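For reference, the structure is listed below as structure tokens.
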Amino acid sequence: MTETSGAELTIDLGAVQANYQTLRGHLGEAELAAVVKADAYGLGLAPVVRALRRAGCETFFVATAAEGMELRAIQSDAHIHVFNGPLPGEEAAFTEHTLVPVLNSLDQLQNWSAQGVRVGVPGPADIQIDTGMTRLGLDPDDLARLMAEPDLMKSVPLDLVLSHLACAEQPDHAMNPEQLAAFESGCAQLGTQIGAIRRSLAASSGIFLGRQYHFDMTRAGAALFGVNPTPLGSNPMRQVIRIQGKILQVRSVDTVRSVGYGASHQATLPAKIATVAIGYGDGYPRALSNAGTAFIDSHEVPVVGRVSMDLTTLDVTEVPSRLLALGQPVDFVGPLNSVDQLAAQAGTIGYEILTNLGRRYRRRYVGGEGNSG
Ligand SMILES: *Cc1c(COP(=O)(O)O)cnc(C)c1O
């Protein structure tokens with residue numbers, strides 16, 4: 001593609017692979033599965049999954065059957081698990097595309113059991129138990145019923161029992177050991193019916209809570225993509241994305257003027273305002289109006305005025321003129337400003353910044369060709 005004025009998103013697949021190895025280094029025997037829901041957290045399902053496979057990853061989790069089918073179309077032999085499990089009527093699609101459903105209720109369990117009887121070769125499934133999220137999964141009453149009626153699980157070969165931590169990014173939170181204990185006792189109950197089971201509790205942050213949280217499989221998403229899994233400390237992961245906009249125009253302001261929609265910023269005179277081609281249409285949050293910062297080379301520059309759909313204005317008064325040429329790249333996420341910092345400035349989390357990355361970016365994938373395993 002030729003040069004365009006539009007903003008550029010660089011995705012470092014080598015960094016994704018390095019992050020996979022870093023996480024694996026924290027695990028003993030436990031498997032590291034990759035969570036690639038929401039188009040691999042906005043970074044592009046196909047290139048991300050290919051890079052992860054080269055790094056040795058064989059098991060993937062997505063949220064919906066549609067995502068599972070999309071992944072199956074590009075990966076014929078990977079293990080694909082689907083967090084949401086089938087809605088009634090969706091079971092056949094799971095069977096057809098060899099997707100392992102996470103069964104989150106007794107109804108889903110019964111329907112999957114019936115599907116197994118229907119097709120003759122019951123497909124493996126996971127069971128999620130709710131240990132404190134109150135979102136998806138079997139609660140203690142459901143487990144008790146399952147113990148009393150083991151036939152509910154007839155024709156359901158169990159692949160994995162899983163649960164999800166609510167507060168794993170806060171290592172001292174009381175919920176962590178509570179959920180751990182609830183998970184172990186739920187699994188022990190199931191184990192009396194089923195015998196040996198594989199267990200999975202930790203996502204990105206949970207991996208850093210220690211070995212007792214790892215069980216047989218961990219499920220990492222955000223950390224693979226550079227979001228800090230230990231936000232109370234420094235980030236052990238490599239940054240994966242860089243977002244660069246280009247300067248379209250620089251205005252020298254020497255009479256009193258406001259900047260942008262709503263006239264929300266008054267330039268202090270004399271000022272230089274650079275207009276850059278990036279906006280909320282690219283997923284750059286409008287909440288960063290008069291609040292965000294970007295970097296031109298090593299110079300931090302504040303966003304002034306409102307972020308609009310296609311344009312953002314920066315106060316570049318302090319930046320040397322040689323760095324203010326038309327087309328000069330500006331880092332909105334880069335070596336000096338992480339996804340997490342941008343998210344904090346916008347009052348959100350890195351996950352939301354990644355999954356909101358717009359479709360208009362000129363996307364560039366770098367690295368990830370090698371086998372980093
Ligand atoms: C999204 C999700 C994950 C991955 O979480 P990260 O914090 O991104 O590692 C793991 N398990 C479940 C159930 C999820 O919904």
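Readers should treat all values here as calculations from the given coordinates under stated rules, not as data from a laboratory. Predicted, not measured: the structure shown is a model, and the values here were computed from it. When we count neighbours, we look across all protein chains shown, and the Cβ atoms used for this are built from the backbone with ideal geometry, even at glycine.
General observations
- Pick from the range 211-229, criterion in a loop (DSSP other than H, G, I, E, B) and crowded, with 19+ Cβ neighbours inside 10 Å, ranking: nearest to the ligand (Cβ to nearest atom): Gly221
- Pairs where the first residue, in the range 51-67, is closer than 22 Å to Phe94 by Cα and the second is assigned to a helix (DSSP H, G or I) and of a type in the set (Val, Ile, Thr), C-beta under 7 Å, 6+ apart: Phe60/Val49
- Between Gly262, Gly281, Gly245, the distinction of being touching an Asp or Glu at 6+ places or on another chain (Cβ under 9 Å), in a helix (DSSP H, G or I), away from the ligand (no atom under 16 Å from the Cβ) and over 30 Å from Glu31 (Cα atoms) belongs to Gly281 only.
- Inclusion of Phe208 among residues that are of a type in the set (A, V, I, L, M, F, W, C), in contact (Cβ under 8 Å) with a residue 40 or more places away in the chain, on the phi < 0 side of the Ramachandran plot and crowded, with 21+ Cβ neighbours inside 10 Å is not warranted.
- Given (1) assigned to a helix (DSSP H, G or I); (2) in contact with a helix residue (DSSP H, G or I) (Cβ under 8 Å, 6 or more places away or on another chain); (3) closer than 29 Å to Phe60 by Cβ, number of the condition Ala188 does not satisfy: (2)
- Ser252 being away from the ligand (no atom under 16 Å from the Cβ), polar (S, T, N, Q), free of Cβ contacts under 8 Å to residues at least 12 places away in the same chain and surrounded by fewer than 17 Cβ atoms within 10 Å (Cβ to Cβ): no
- Strands (runs of 3 or more DSSP E) fully within the range 1-99 that include at least 3 residues being closer than 23 Å to Val366 by Cα and within 16 Å of the ligand (Cβ to nearest atom): 31-35.
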